[in-house]
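Since the structure comes first, as structure tokens, the remarks are kept for the end.
The values are calculated or read from the model by the stated rules, or taken from the named source; none is laboratory data. Values in this document were obtained by computation on a predicted structure and should not be read as measured data. Neighbour counts run over all protein chains shown; Cβ positions are idealised from the backbone, glycine included. With ligands, DNA and RNA removed, areas are computed over all heavy atoms of the protein, side chains included. Shrake-Rupley method; radii C 1.70, N 1.55, O 1.52, S 1.80 Å.
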Amino acid sequence: MKSYPRTTLAAVCIAGGLLPASLTGASVALPKIATDLGAGLGPLQWVVNGYNLTFASFMLACGAIADLVGRRRMLGIGITLFGLCSLVSGLSGNIHLLDGARLLAGAAAAAVLTAGSAVLATTFSGPAQAKAFGVLGSSFGVGLALGPSTSGLLVSSFGWRSVFLLHAAIDLALLLALPRIAESRDPGARGVDWGGTVTFTTSLALVTLAMVEGPQQGWTSPVVLGLLAGSVLLLALFVLVELRQERPMFDLTLFTQGRFVAICSVPVALAFGFVCLLVFLPSYFMGANRFSSSEAGAVMLLLTAPVLVFPILAGRLAQKIPVRTLLAVSLLLVAGGAAWLTTIHPGIGMAGLIGPFLIIGTGVGISFGLLDGAAIGSVPPERAGMAAGMFNTMRLAGEAIAIAGMGSVLVSLVSSNVSKGLDGYGSGFTGNPDGLAAKVAQGNLADPESGVAEAGRQAFHTFLADGYTDALRTVLWILAGVAALSAPLIAVMLRDRKAATPAAVTAPAAEEAPEPVGAGH
């Protein structure tokens with residue numbers, strides 16, 4: 001079959017760019033979704049958590065299936081399913097249908113990313129392959145940078161449903177390009193490791209559910225402790241299953257190599273210092289600052305715009321500066337920016353946000369430009385689907401756990417601050433304190449059913465915004481600490497040069513890459 005490299009690259013990059021846009025777009029839409037569908041905090045969190053959960057969980061299985069049935073066919077299945085799920089999301093009349101569509105959309109996103117990455121790896125070679133992954137990385141950056149702003153504009157102008165409907169239209173239109181993409185398979189593929197898939201997926205689902213239920217049922221409740229214990233047990237079972245496989249979908253031997261572990265750990269650390277902010281901050285700006293959806297999206301551009309620029313510059317910097325130094329510095333920049341952002345307060349404007357936002361975005365952009373190319377080369381080309389699946393599973397699992405975990409901490413802190421403050425507020429509040437705390441954590445600080453007299457509403461809003469801000473500042477310090485502590489550990493682990501495999505994290509690929517080699521979301 002004739003290959004059309006330019007069409008292939010364009011289709012894969014457009015499809016790939018929609019994946020982070022779907023995450024950040026949904027985050028901007030959450031307050032409106034909560035109001036329109038009457039969603040409680042738990043079900044509302046699954047709009048984001050469910051997407052991340054299945055995105056991470058099915059990455060390995062989709063990579064293996066792509067190698068078996070064909071990368072182009074798997075890409076087509078993923079694009080079709082993602083588009084249909086986005087359509088259902090946009091037409092949903094209740095939160096449970098929306099959550100179900102988002103869960104399925106995450107699995108479709110896994111198919112798109114793994115199959116698309118494998119298609120590029122088999123369509124291009126040598127310097128052209130590095131450039132192709134650089135463009136793919138830039139498309140992820142575009143999705144991140146434009147996701148909040150375009151979604152904010154859509155929500156303000158046409159409602160939250162328009163975000164999902166636009167994604168559906170773009171995705172389904174991409175099907176026209178499939179006939180111009182060459183098919184490829186792994187001739188040695190033997191099937192899907194369903195034992196590993198089921199144990200890993202269930203383990204990740206249980207820990208995510210525990211994070212969501214923790215603030216509502218108590219972190220020491222039997223249900224939450226049981227979920228955490230079950231997750232650990234299934235993770236151990238997953239390791240045993242993979243060790244017994246002749247050809248496992250998750251090559252655990254790579255995790256005996258310091259450099260590979262370091263490469264996989266960087267996006268996990270960045271999930272705390274960057275991706276969490278993409279989810280939490282829009283709701284804060286719309287609640288505490290009373291921004292519109294479009295205003296919140298515009299402000300988020302300060303954070304995401306550097307991701308468009310620095311992945312391209314990172315490859316050039318790597319010719320002069322060791323990659324381990326660049327990655328350590330990127331993590332320290334994220335840590336410093338998150339610490340600076342603790343100055344956030346109700347009414348903060350662009351002047352107070354531009355410094356910390358640009359520093360965080362710069363750190364993330366540098367690291368995004370150095371990681372994917374090294375990871376995708378960790379196995380021979382015929383197993384490119386598995387390689388893409390391994391690295392992206394670590395990245396997305398880190399994001400899923402970070403968002404769910406830090407989101408739960410934020411909810412717990414907001415609930416504590418609001419409950420304590422209500423005891424001495426004396427405002428005439430007659431509503432449900434737990435329900436109020438949940439609404440505040442969603443970014444809904446205007447509660448006409450609170451029983452507070454209209455004359456005292458402004459003071460009540462200020463009280464809620466202060467409690468929300470205090471909780472967010474604590475979370476920001478935690479995020480800064482994770483990034484700061486990770487930086488020296490990553491630098492030390494990347495000194496283990498002999499741990500690099502010939503096709504994977506070699507010095508030329510990671511240390512002296514002449515071109516940007518991809519990015520994450």
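The table for this structure:
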| item | result |
| --- | --- |
| Segments 157-167, 328-338 sorted - mean Cβ within 10 Å per residue, highest first | 328-338, 157-167 |
| Candidate residues T393, T201, T253: accessible-area rank, largest first, probe 1.4 Å | T253, T201, T393 |
| Average accessible area per residue (Å²) across the range 8-84 - probe 1.4 Å, nucleic acids and ligands excluded | 22 |
| Global geometry of the range 291-367, whether rounded, prolate or oblate, following the gyration tensor of its Cα atoms and the 1.5 cut on a/c | oblate |
| Nitroxide proxy distance, nm - points 7 Å out along Cα→Cβ at L301 and W477 | 3.4 |
| For the range 165-240: rounded, prolate or oblate by the Cα gyration tensor [a/c cutoff 1.5] | oblate |
| Anisotropy class of the range 115-235 from Cα gyration tensor, a/c 1.5 cut | oblate |
| Relative packing of peptides 169-178, 269-278 - highest average C-beta neighbours within 10 Å first | 269-278, 169-178 |
| Contour excess over end-to-end distance, with Cα ends at S292 and T256 and 0.36 nm allotted per residue | 8.1 nm |
| Label-point separation in nm, L489 to E183, each point 7 Å along Cα→Cβ | 4.5 |
| Å² of accessible area per residue within the range 194-313, as computed with a 1.4 Å probe and no ligands counted | 38 |
| Integer Hz, Karplus 6.51/-1.76/1.60 couplings in order for the range 273-284, x for Gly and Pro | x, 10, 5, 4, 5, 4, 8, 7, 5, x, 5, 5 |
| Net charge contributed by nearby residues that have their C-beta within less than 13 Å of L44 (K/R +1, D/E -1) | +1 |
| T220-L172 FRET efficiency (beta carbon distance; Förster radius 51 Å; 0.05 resolution) | 0.60 |
| Length added when fully stretched, K320-L97, from 0.36 nm per residue minus Cα-Cα | 75.1 nm |
| Neighbour net charge for T474 - beta-carbon separation under 15 angstrom, K R +1, D E -1 | 0 |
| J(HN,Hα) series, the range 35-52, from Karplus relation 6.51 cos²θ - 1.76 cosθ + 1.60, nearest Hz, glycine and proline x | 5, 5, 9, x, 7, x, 4, x, x, 5, 4, 6, 4, 8, 5, x, 4, 5 |
| Using θ = phi - 60° and Karplus 6.51 cos²θ - 1.76 cosθ + 1.60, couplings along the range 140-150 (whole Hz; Gly, Pro as x) | 4, x, 5, x, 5, 5, 8, x, x, 6, 5 |
| Among 301-311, 60-70, the order from most to least packed when residues are scored by Cβ within 10 Å on average | 60-70, 301-311 |
| Solvent-accessible area per residue for the range 113-177 (1.4 angstrom probe, square angstrom) | 34 |
